[in-house]
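The values are calculated or read from the model by the stated rules, or taken from the named source; none is laboratory data. Nothing here was measured: the structure is a model prediction, and the numbers come from that model. Methodologically, a virtual Cβ is constructed for each residue, glycine included, from the backbone with ideal geometry; neighbour enumeration extends over all protein chains shown. Remember, those area values only see protein heavy atoms, side chains included, never the ligands or the DNA or RNA. Shrake-Rupley method; radii C 1.70, N 1.55, O 1.52, S 1.80 Å.
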Amino acid sequence: MKVLKFGGTSVGSPDRMREVAEIITRDEDQKIVVLSAISGTTNALENYARDLLKGDKDEAQAGLKKLQEDYREFLDTLYKEQEILEKAQQYIDERFDFLSALSNQVVTETEEKLVLAQGELMSTHLFSWLLEEDGISAKLLPALNYMRIDKMYEPDDYYIASMVQKELALTGDYPIYITQGYICRDAFGKVDNLKRGGSDYTATLLGQAVKAEEIQIWTDIDGMHNNDPRVVDNTYPIKKLSYGEAAELAYFGAKILHPSCVLPAQKGGVPIMLKNTMDPDARGTIISSNDSNTDITAVAAKDGITAIKIKSGRMLMAYGFLKKVFEVFEHYETPIDMITTSEVAVSLTIDDCSHLDNILHDLREFGEVEVDEDQTIICIVGHFGSDQSGYATRIFSSLANIPVRMISYGGSRFNVSILVKSPYKKEALQLLNQGLFDL
Ligand code: ADP
Ligand code: ASP
Ligand code: MG
């Protein structure tokens, strides 16, 4: 079994959807096809839910109406057969009626999650009818029947594996299964999601659950590039990455992969291929346990970081001090990304500021606290063996004119992280591109 995931742009127009149908029928391998929502849909649904939560019903309805018109146009050019078109129209109208009716009731986080789930439900239904029209044998596998997160919002591996097997057995043997990316149920059975970009995560969780021979992530670029192509010119695709390298890049901002999606593939030992729907024959990137890269591989950047420094001459050297600091973050369920220590202070970074005020209040018990918002972590990934020299010089001489707030090196063999103020990000990424890679 293979798992193939297609992102929003890859299903973003009727022509693109037809190309996906072509790609998945190129060989006879049995496959589960994971689809994202049609591009722009999740953003529009997010806006709709936000407007409803704000109580701005008119704004909400105007946005929803525009989205519904886009879908009507989409359907008109997607199908040839009247009967299938009517079936699809009816389904889409029902989804929009459901969404519209929510504006007359109290909207909480529960309804918000239901709103966000509609994008993937619509794209997968539309696609399955396209295959039906083309006479391609395929069956829908409802993600809400098998994908679940636990009370800590982590995927429930055991439940997913057993339920997906059950669902496959109930559905019967088909060459192609189609399923929704991103959506899941929470520990109490309510509709939830795997956070933005979560369809990649669905694909790797499925790959692990069904012990797939391969996971393919099809998107709008020819693989993982050595630097952020949205910010820097002259980037190039990397042929192969180890799981460790890919996980660091995904976590630290390479948008092509969901931040957490590498781990399930690694746990299951399933290779991930990153492929380009616009250029299916391009080689792309393969992510596997093979860690044969021997140099700096790539750079990524993660914005929206807040740095916190705790200065405490009195307590820092005492054992137990860091434990107390970490307990504050644990209490507010806030992960720490980077950490550096000196004799008089400890600096760390977080990207989730929802409990910042409480965190700062508690940390002030231990000493003086300074906060810097609007920071960016730049992560340089490669193989930094402890017996190899010269990497630090190359990195820091490239960044000679950039003020650096924090440096973290040695946490893993794969990563050097640097914290800069966000306005310096673009220049820093460009300088690293020139200084670290043979362009
Ligand atoms: P999809 O909708 O298919 O999931 P995404 O927009 O989530 O696609 O991810 C693909 C995009 O990720 C690319 O178009 C590219 O702009 C962006 N990106 C950011 N960093 C990288 C990188 N290092 N390599 C490749 N793409 C990257
Ligand atoms: N549709 C969701 C999003 O836009 C999930 C995904 O595309 O991966 O974030
Ligand atoms: Mg994505």
How high is the relative contact order of the chain, in percent, counting Cα pairs under 8 Å that sit 6 or more residues apart? 13 percent
Mind ordering 235-241, 26-32, 168-174 by average Cβ neighbours within 10 Å, highest first? 235-241, 26-32, 168-174
Counting every C-alpha pair in the chain, the percent lying more than 39 Å apart is 26 percent
What is the local net charge at ILE377, summed over the other residues whose Cβ is closer than 13 Å to its Cβ (Lys, Arg +1; Asp, Glu -1)? -3
Counting only helical runs of four or more DSSP H residues, what would the 222 nm mean residue ellipticity of the chain come to if each run contributes -39,500 (n - 2.57) and the total is spread over all its residues? -12500 deg cm²/dmol
Looking at the chain, which longest stretch skips every one of the chymotrypsin sites (Phe, Trp or Tyr not before Pro) that is in a DSSP loop with at most 11 other Cβ atoms within 10 Å, leaving the sites themselves out? 1-187
Using only the alpha-carbon atoms of region 357-396 as identical scatterers, what base-10 log of I(q)/I(0) does the Debye formula give at q = 0.16, 0.29 Å⁻¹? -0.67, -1.08
Fraction of beta bridges assigned by DSSP in region 238-377 that are antiparallel (%, nearest 5): 85 percent
May I ask for log10 I(q)/I(0) of region 2-142 at q = 0.22 Å⁻¹, from a Debye sum over the Cα atoms as equal point scatterers with solvent left out? -1.34
Just flag the trypsin sites (Lys or Arg not before Pro) in region 148-185 sitting in loop per DSSP whose Cβ has no more than 12 other Cβ atoms within 10 Å. LYS151
When the charge dipole of region 293-439 is computed with +1 on Lys and Arg Cβ and -1 on Asp and Glu Cβ about the Cα centre, the Cα farthest towards its positive end, among ILE310, ASN293, VAL371, belongs to ASN293
Quick one: grab the alpha carbon gyration tensor of region 64-185, order the square roots of its eigenvalues as a ≥ b ≥ c, and give me rounded if a/c is under 1.5, else prolate or oblate depending on whether a/b is larger than b/c. oblate
If you roll a 1.4 angstrom probe over the protein chains with everything in place, what fraction of the accessible area of region 371-439 belongs to carbon and sulfur, to the nearest %? 46 percent
Would you mind working out the accessible area per residue for the chain, using a 1.4 Å probe, and quoting it in Å²? 46 Å²
Calc'd 3J(HN,Hα), region 47-57, phi into Karplus 6.51 cos²θ - 1.76 cosθ + 1.60 (θ = phi - 60°), Hz, glycine/Pro = x, comes to 5, 4, 5, 5, 4, 5, 5, 6, x, 8, 5
Would region 225-302 count as rounded, prolate or oblate if I go by the C-alpha gyration tensor, calling it rounded below 1.5 in a/c and otherwise prolate when a/b exceeds b/c, oblate otherwise? rounded
Taking the radius of gyration and the Kirkwood hydrodynamic radius from Cα positions alone, what is the Rg/Rh ratio for region 32-115, to two decimal places? 1.01
